[in-house]
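Trainee: Structure below; questions to follow.
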Amino acid sequence: MTDTATDAGITMTRVFDAPRELVFGAWTEPARFAYWFGGAGVEVPTSSVEMDLRPGGQWKATMLLENDNRIDWRGEFREVEAPTRIVMTITDEPGDAFDVLTVELRDLGDGRTEMSFSQTGSHMDAKGYEGAMNGWSGFFEALARTVTG
């Protein structure tokens with residue numbers, strides 16, 4: 001596990017005890033994505049997740065938080081190369097201040113997958129990206145549970 005946060009963004013690496021196709025599906029199939037996105041204690045209704053899985057296709061998902069708070073995420077797929085690579089934008093703000101998420105999946109053999117993840121865009125400082133990295137860590141723990149059953 002390798003994680004870094006700078007003013008330019010974050011990079012993270014995780015290894016999952018699951019085949020690459022299953023990890024790719026967790027990123028691209030609405031029901032699976034809803035299960036892990038947001039981590040433990042956050043509800044993402046499957047009905048809120050939409051994915052037009054092609055370059056230029058839009059995606060969105062809503063996180064329901066405590067005290068009737070919510071986060072409406074949205075973005076666009078820039079690259080989709082099943083089952084090895086996804087590049088997509090992400091924001092929860094109005095306007096065009098998107099960060100870019102890059103997910104690269106490498107088959108390690110024996111049913112294991114290495115995921116290299118980055119979020120870039122320089123819309124936060126290093127402390128903001130460190131907070132985002134901590135959030136993604138929780139998401140990826142839920143992702144691991146999703147792909148290992």
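Bear in mind these aren't lab numbers, they're just calculated from the coordinates by the rules spelled out. Since we're looking at a predicted model, the values are computed, not measured. No Cβ is skipped: glycine too gets one built from the backbone with ideal geometry, and neighbour counts run over all protein chains shown.
Trainee: Taking the Cα centre of segment 2-148 as origin and charging only Cβ (+1 Lys, Arg; -1 Asp, Glu), how large is the dipole, in debye to the nearest 20?
Mentor: Dipole magnitude for segment 2-148 comes out near 300 debye.
Trainee: I've got another one for you. What ranking, highest mean first, results for peptides 42-51, 8-17 when packing means the other Cβ atoms within 10 Å averaged over each residue? Walk me through the intermediate numbers first.
Mentor: Numbers: 42-51: 14.9, 8-17: 18.0.
The most tightly packed comes first, giving 8-17, 42-51.
Trainee: Could you check the simple spin-label distance between D72 and S116, using points 7 Å along Cα→Cβ, in nm with one decimal?
Mentor: Here the answer is 3.6 nm between the modelled labels.
Trainee: For the chain, set up a Gaussian network in which alpha carbons nearer than 10 Å are linked by springs, and say which option among D99, D110, D72 fluctuates the most.
Mentor: D110
Trainee: Ok, one more. Stretch D3-A97 to full length: gain in nm at 0.36 nm per residue minus the Cα-Cα span? Walk me through the numbers on the way to the answer.
Mentor: On the way: separation 94, 0.36 × 94 = 33.84 nm, distance 2.36 nm.
Full extension from D3 to A97 adds 31.5 nm.
Trainee: A further question follows. I need the P(r) histogram for segment 2-148: all alpha carbon pairs, bin width 5 Å from 0 out to the longest distance, whole percents.
Mentor: P(r) over segment 2-148, rounded to whole percents: 2, 10, 18, 24, 24, 16, 5, 1, 0.
Trainee: Further, regarding this structure: Would you calculate, for the chain, the mean residue ellipticity at 222 nm contributed by helices, counting each DSSP H stretch of 4 or more residues as -39,500 (n - 2.57) and dividing by all residues, to the nearest 500?
Mentor: Details: 3 runs with 39 residues, N = 149.
That comes out to -8500 deg cm²/dmol.
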